[in-house]
Amino acid sequence: MSERRTARRYDLSLPVIIRIPVEDTPGNKSGKTRDISTRGVYFTIDERVEAGSELDITLTLPAEITQGTEVFVRAQGKVVRVEKHSGENDQGLGVAAVIERYDIVRGERAARAS
């Protein structure tokens, strides 16, 4: 199978907050990224997520990565694949999502907006 990705993917394990706007039970779900690019993200999560679901994704790039202040990435996307995980350090489900839109907010600007 040939590689279809057009954006460079980075192996980053970062906390991620997921919200599914159309879900009956509102609230955020916590997970951890495995890798990320400007076009997609793969994360692990304990709670069930359906393929085709729209997502609001929030993650924080720490100052060590950005060489300055924390940077918040807020994205909207759609789940393209869900798979069961069995690794000892992984959460229950692996989720691949395409990123349709994202905004980058520097730490000090995000603090003022809260």
Positions within the range 50-68 being under 15 Å from residue 99 (Cβ atoms) and not charged (D, E, K, R), in sequence order: 53, 55, 57, 58, 59, 61
Out of everything in the range 53-85 that is under 15 Å from the mean Cα position of the chain (by Cα) and surrounded by fewer than 15 Cβ atoms within 10 Å (Cβ to Cβ), what residue ends up being modelled with the lowest pLDDT? 62
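The values are calculated or read from the model by the stated rules, or taken from the named source; none is laboratory data. No experiment lies behind these values; they were computed from the predicted model shown. Cβ: placed from backbone, ideal geometry, glycine included. Neighbour counts: every protein chain shown.
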